[in-house]
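Colleague: One structure, as structure tokens, below. Some questions next.
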Amino acid sequence: MQRTNVMSAALALAAALALAAAPADAAPRRHVPAHPKPIPVKPVVENPVADLPFPAFERGPQVASACTTGLEGAMLRVKELEKRKAGADWLKGWEALYDWEEDQSGALIFLQNVHPNAELRAEAEKCEQRWSDFQAGLGQNALVWQGARQSVALLKDPVDRRAAELALEAFEDAGVALPKDRQVKAKAIADKLATLGQQFNRNIRDAHVRVAFADAELKGVPEAVWKDQPRDADGKVTLPIDGPAYATVMQTAEDAGARERLWRAKTNEGGPDNLKLLAQIEQLRLDQARLFGLSSYADFVLRRRMVETPAQAARFLDEVHAAVAEDDRRDVLELRQAKARHLGQTLEATRLQRWDTMFYSERLLRERFAVDEEAFRAYFPPQESLRFVMRVAEKMFGVRYDRVDGKWWAPEVQAWAVTDVAGNRKIATLYVDPYPRDGKYNHAAVWNYRNGASAVPRQAQSALVVNFDRRGLTLRELETLMHEFGHTLRNSLSATRYASDAGENVAQDFAEAPSQMLEDWVYDKKVLKVFQEVCPACKPVPDDLVDKARAAREFGKGMQVERQHLYAAYDLALHGPGAPDPMETWEKMEGASSLGYVPGTTFPSGFAHIAGGYGAGYYGYLWSQAVASDMRTAFVGDRLDPKAGARFRATVLGEGAQKAPQQVVKDFLGREAGSQAFFDYLKK
Ligand SMILES: [Zn+2]
């Protein structure tokens, strides 16, 4: 039995059960700006650069000096914008500032994640902080805010007006429109929140918690995971709670006591200090919302999101709960039965504990589906896998990907020109950094660092950063690639008038939907046949292997979704009109779930999502999945349908943030957006 061949579904389950599941990609992408964007200056408008070459930085000082040049240019452009006449002239200046900022800072800041030179990476990080300070200052600029306000009133064209409206909203959320005393308070709260959020993360990151085990306690765990780990003074192996070892131990350790200790350490990460911080953060957010005349932080956040109101988010979550409650109970019962069988005891005498779920899920998956994810690697070589997702896009969206010769930030980095086939015109560049390397970002993510626009000659650029296994991809990895590639499509195929409206500058709870929609393309046998078009020599992946992987992926769905529901509902409860105690609220809410609350544990102390940028936004993971399911209905029967694909390109990918998300989905589907497809899927 190959225990090290961790099955993909088990891994996904592990992630969902262990903690708040992180997004597939923790990618720093731009969404609707927290602060207003940079501003334009005449030279940029008059001499726009359609296709910027990738900066050829080799050393840190080059980056520092380019950073200064960029910021100085931005400040000049702000000065110039302050004097512009409201209306079309103002908007032109505003967009030119935005374009300038992207061109000066986008690729440069991105390099902190991938450049082989550590000193250069550090400079790029510093530069990001400088730009962030610049934006915070811009958010408080009353002259530019007035320009935005007056322009909204003057602009008649809907696209122009919407661009100005989004700018105005960003200014308003930064507090510049408030009376002076409140404005000062809002700024102080924002600064304090940033500090507390960083402290919360530091308390998790810098604790370096390790749990000690005698060798015998790790029975069942693959030796590769623990043999070389450091030992304490008693000769016991010590394992970290934040690496891949965590999931493997939880899935494979026969000793329930060992699992419990590791699980408790993980669940309590951040500790009492973080519970105090969370309570403070929550109260400050409420204070902030009240400065704006709103009754809760959820109101403050959600009025800018697709979901619009806390009431609608809550209603949606209730429906999710209703759809999966029965499956959740069934999943728990199945795991309990598996535990009773494993320990040779009666069901009545068997209680399923939270530290049992990953272990028995793994056993059931192995018994039932016997999927060996490693077996897929032979069918999906890395370069051909990349070519495969491109080919799928070529068939769906009428584009072409051509490899461009050249050298970029590291050997093996590739550049691809994206061409619109009908117009025979290059529209974007996609960089791909395919293989692992020291100092490189070690997950999969996309940086859409330059957005295209039609008002000026301006092509989109993005970077897809992955860490392919040179032996080939598993199906789960191919799914991740498809998801990330979906983010690049939003950049490459955006066709908005202004870059500030482009690509993924959409509401946070809508941003993931297209990528989520495309994920299940790789489980479609017809789509997988496309692989032979890009690799005639590759053996076709056997259908039964795909069937098993698909079934395994669905395993435990009820329990996973119910857990996500709990996280989302908890997040909204904390950010409602009161400021309830974080632990009391959690004990009550988790206590009502099928596995209950475990006394002595403090899950919220490690819940970094809600202490950070996902505060009052955790529901968005489920919400955008529902949007993805809804949009997917247009591809029922043929996921490669070029007609539906063309419509998707024009109405969803092409429109970016030019229209409200509800309208975008409606334009694509020809009917109102809804959650029924998602609920049907959940009940299936
Ligand atoms: Zn994503």
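Colleague: If you bin every alpha carbon distance in the range 283-379 into 5 Å steps from zero, what whole percent lands in each bin?
Modeller: Bin by bin from 0 Å, the calculated values are 2, 11, 12, 11, 10, 8, 9, 11, 10, 8, 5, 1, 0.
Colleague: Right, another one. Apply the Karplus curve 6.51 cos²θ - 1.76 cosθ + 1.60, θ = phi - 60°, to the phi angles in the range 178-189 and return the couplings in whole Hz, x for Gly and Pro.
Modeller: Result, ordered by residue: 6, x, 3, 5, 5, 4, 5, 5, 4, 5, 5, 5 Hz.
Colleague: Apply the Debye scattering formula to the chain, with a single equal point scatterer on each alpha-carbon and no solvent, then give log10 I(q)/I(0) at q = 0.07, 0.09, 0.11 Å⁻¹.
Modeller: Evaluating at q = 0.07, 0.09, 0.11 Å⁻¹ gives log10 I(q)/I(0) of -0.48, -0.82, -1.26.
Colleague: Now, a different point. Would you order LYS426, LYS684 from fewest to most other beta-carbon atoms within 10 Å of each residue's own beta-carbon?
Modeller: Numbers: LYS426 16, LYS684 9.
In increasing order of surrounding Cβ atoms, one gets LYS684, LYS426.
Colleague: Using a cut-off of 19 Å between alpha-carbon atoms, which lysines can reach LYS227, once sequence neighbours fewer than 8 places away in the same chain are excluded?
Modeller: LYS219, LYS236
Colleague: Between the alpha-carbon centers of the range 569-600 and the range 635-659, tell me the distance in whole angstrom.
Modeller: So the separation of the two Cα centres works out to 40 Å.
Colleague: Where does the chain land at 222 nm, in deg cm²/dmol rounded to the nearest 500, when only DSSP H runs of n ≥ 4 count, each adding -39500 (n - 2.57), divided by all residues?
Modeller: Values: 29 runs with 372 residues, N = 684.
Using -39500 (n - 2.57) per qualifying helix, the result is -17000 deg cm²/dmol.
Colleague: To make sure I understand, if each residue's beta carbon is the centre and we count other beta carbons within 10 Å, what order do LYS83, LYS557, LYS192 fall in, fewest to most? Intermediate values should be presented prior to the final figure.
Modeller: Working: LYS83 11, LYS557 19, LYS192 15.
Starting with the residue having the fewest Cβ neighbours, the order is LYS83, LYS192, LYS557.
Colleague: At a Cα cut-off below 17 Å, give the aspartates and glutamates reachable from LYS79, other chains included and same-chain residues fewer than 8 away excluded.
Modeller: ASP89, GLU95, ASP99, GLU101, ASP133
Colleague: Roughly speaking, what is the centre-to-centre gap between the range 261-338 and the range 457-536 when only Cα atoms are used, to the nearest Å?
Modeller: Between the Cα centre of the range 261-338 and that of the range 457-536, the gap is 28 Å.
Colleague: For a 21 Å ceiling on Cα separation, which of these pairs sit above it: LYS557/LYS643; LYS395/LYS666; LYS85/LYS156; LYS266/LYS548?
Modeller: Details: LYS557/LYS643 32 Å; LYS395/LYS666 24 Å; LYS85/LYS156 15 Å; LYS266/LYS548 31 Å.
Correct reply: LYS557/LYS643; LYS395/LYS666; LYS266/LYS548.
Colleague: The range 187-236 to the range 345-384: how many Å between their Cα centroids?
Modeller: Rounded to whole Å, the Cα centres lie 25 Å apart.
Colleague: Still on this model: Using the number of other C-beta atoms within 10 angstrom as an exposure proxy, rank GLU479, GLU80 with the fewest first. Each step should come with its number before you reach the end.
Modeller: Values: GLU479 22, GLU80 16.
Lowest to highest Cβ neighbour count: GLU80, GLU479.
Colleague: Leaving out same-chain residues fewer than 8 places away, which lysines sit with a Cα under 16 Å from that of LYS276?
Modeller: The reachable lysines, counting only those whose Cα sits under 16 Å from LYS276, are LYS192.
Bear in mind these aren't lab numbers, they're just calculated from the coordinates by the rules spelled out. As the structure is a prediction and not an experimental result, all values here were calculated from the model. Backbone-built Cβ (ideal geometry, glycine too); neighbour counts: all protein chains shown.
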